[in-house]
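Some notes on the structure that comes next.
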Amino acid sequence: SDGAPGPGHWDADAAAGGLVDLAVPGGAFSGRRAPCLKNPVLGPGVLQAIRIFHTRQPSLAPIPCVPEYGGKVCLGLIPKEFFQFLYPKTGVRGPYVLGTGLILYSLSKEIYVITAETFSAISTIGLLIYVVKKYGASIGEFADKLSEQKIAQLEEVKQASIQQIQDAIDTEKSQQALVQKRHYLFDVQRNNIAMALELTYRERLHRVYREVKNRLDYHISVQNMMRRKEQEHMINWVEKHVVQSISAQQEKETIAKCIAGLKLLAKKAPSQPVL
Amino acid sequence: LQLPSDLKVAGQKLALKTIDWVAFGEIIPRNQKTIANSLKSWNEMLTSRLATLPEKPPAINWAYYKANVAKAGLVDDFEKKFNALKVPVPEDKYTVQVDAEEKEDVKSCAEFLSLSKARIEEYEKELEKMKNIIPFDQMTIEDLNEVFPETKLDKKYPYWPHKPIENL
């Protein structure tokens, strides 16, 4: 794409060679602003509505770059083009000779009169040349640095905004990627539902088993208990009757027999100490 | 904690999808994290309970009971009824809701996707514009105003300082 960010406002006539003051950068500014300064009564915006500049189609040719250095000059005053112009006729020394001749002519003919002003002019110009020669470069560098700072700031802003836009694009892309994973949410829910249902079913099966087993076990334990109770009751009943059936006479005889037997045992083992 | 995709369980096929918990954590917005965590803990609890509970209950030893229970016919009766019993499978009303929700979500996601694409296109256009501006040292103030419209000076104060003196 061409360097012009839009239709070039100021160089509409450059291609056609219209406005002469385009050679000076910002010259068109003065062309545009001039009406504002000449007529202070009308506000800045109003006049531009009335005066019609740039009625031709704006040319889209790339604008020439702002020149970095001015044209080369000799003696700080006379552009080198003049020397080039005289070179074919008079050689290298021609312009200098011309200059010297003109100065001497003006002095001798008193076209230029030497007054007190001359000396003040000489000292002023001498001082100026001295200052410019000595400090010109450094002042230029200082000014360049200021302008560079401004440009660096703008660059930063540009880079920051580019970075911002890039980040926004990346965020959008990552969010798009996340959209792909949304289904996991619903998978989890469905899994949960399925597992819960399965769990309920299994619990029901287990419960059925437990209940049936409980009932059967209950019957068995009831039976066991009944049998035990019957046994105990029978034993008690038998014992009671046996004890009842032992008459007093039999009891006496049995006790006498037991005592005789004990005596026999005592005789058999007399040396056993009683502990 | 991931389950294999199919468990043949108690007569029905349990079709569980494998879940990537990392992705699950990513898609949850910040204000719903607690709900998501509860969902996850439900899932874990259910899987652990499912793992501990065996598939089928152990078989009842009918021969032992037949031999020991005195009441005749009780055990036979129980056995017959037990074998005839069909435990009802709990019916699933909720998967339908989840599916409906998912459909809605897919729709809204598609909408979001298209909006997001439109936004990306705008951003890319701006990016192109930013990348193609002329180098700053060849710009004029008007070029600057075109690229960064916020630098445009207010028409009310065209002369320096571009604000009323009170605001200096």
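Just so it is clear, none of the values below were taken in a lab; they were calculated from the coordinates. These numbers come from a predicted model, not from an experiment. Counting neighbours? That spans all protein chains shown, and the Cβs are built from the backbone with ideal geometry, glycine included.
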inquiry  = Could you give each residue of region A:99-105 its phi-based ³J(HN,Hα) in whole Hz, using Karplus coefficients 6.51, -1.76, 1.60 with θ = phi - 60°, and x for Gly or Pro?
reply    = x, 4, x, 5, 5, 5, 4
key: Vicinal HN-Hα couplings computed from phi for region A:83-93 (Karplus, 6.51 cos²θ - 1.76 cosθ + 1.60; Hz; Gly/Pro x)   = 4, 5, 5, 7, 4, x, 8, 10, x, 6, 7
inquiry  = Let me confirm one metric for peptide B:133-144, namely the mean number of other chain beta-carbon atoms within 10 Å of its residues' beta-carbons.
reply    = 6
note = Taking r as the C-beta separation of B:VAL89 and A:GLN180 and R0 as 30 Å, the FRET efficiency to the nearest 0.05 is 0.30
ask   = Tell me, what ³J(HN,Hα) does each residue in region B:141-153 have, in order and in whole Hz, if you take phi through Karplus 6.51 cos²θ - 1.76 cosθ + 1.60 with θ = phi - 60° and put x for Gly and Pro?
value = 4, 5, 4, 4, 5, 6, 6, 10, x, 6, 7, 5, 7
inquiry  = Please enumerate, by chain and number, the aspartates and glutamates with C-alpha under 17 Å from the C-alpha of B:LYS117, excluding those fewer than 8 residues away in the same chain.
reply    = A:ASP167, A:ASP170, A:GLU172, B:GLU126, B:GLU128
query = How long is the gain from A:ALA269 to A:VAL238 if the chain were fully straight, where each residue apart is worth 0.36 nm and the alpha carbon distance is subtracted?
reply = 7.4 nm
query = For region B:97-167, what class follows from the C-alpha gyration tensor (a ≥ b ≥ c being the square roots of its eigenvalues): rounded when a/c is under 1.5, otherwise prolate if a/b is larger than b/c, else oblate?
reply = oblate
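Could you calculate the contour length gain from A:GLU110 to A:PHE85, that is, 0.36 nm times the residue separation minus the distance between their Cα atoms, to one decimal place in nm? Mind dumping the intermediate values first?
Values: separation 25, 0.36 × 25 = 9.00 nm, distance 2.93 nm.
Net length gain for the segment: 6.1 nm.
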remark   = Each residue of B:67-80 has, on average, a number of other protein chain C-beta atoms within 10 Å of its C-beta equal to 2
message = Under the 0.36 nm per residue contour assumption, what length would be gained going from the current alpha-carbon distance of B:LYS71 and B:GLU126 to full extension?
response = 10.6 nm
task = Give me A:PHE82, B:PHE24 ranked fewest to most by other Cβ atoms within 10 Å of their Cβ, as a rough exposure proxy.
result = A:PHE82, B:PHE24
task = Set the Förster radius R0 to 35 Å, insert the Cβ-Cβ distance between A:ALA256 and A:MET226 as r into 1/(1 + (r/R0)^6), and round the FRET efficiency to 0.05.
result = 0.20
ask   = What FRET efficiency would be calculated for the residue pair B:SER108, A:LYS158, taking the C-beta separation as r and a Förster radius of 30 Å, to the nearest 0.05?
value = 0.25
Packing-based ranking, highest mean first, of B:98-108, A:222-232 given that Cβ atoms within 10 Å are counted = B:98-108, A:222-232
remark   = Once amide hydrogens are built 1.01 Å from N within the peptide plane, the residues lying 5 or more places from A:CYS74 or on another chain with amide H under 5 Å from its amide H are A:LYS80
task = Please go through the residue pairs B:LYS56/B:LYS107; A:LYS133/B:LYS155; A:LYS72/B:LYS131; B:LYS40/B:LYS107; A:LYS145/B:LYS152 and name each one whose alpha carbons sit more than 32 Å apart in this structure.
result = B:LYS56/B:LYS107; A:LYS133/B:LYS155; A:LYS72/B:LYS131
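Arranged by the count of other C-beta atoms within 10 angstrom, fewest first, what order do B:CYS109, A:CYS65 take? If you can, show how the numbers build up before the last one.
Values: B:CYS109 17, A:CYS65 12.
Neighbour counts put them in this order, fewest first: A:CYS65, B:CYS109.
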request  = Shielding by partners for B:91-97, please: the mean number of other protein chain Cβ atoms within 10 Å of each residue's Cβ.
outcome  = 3
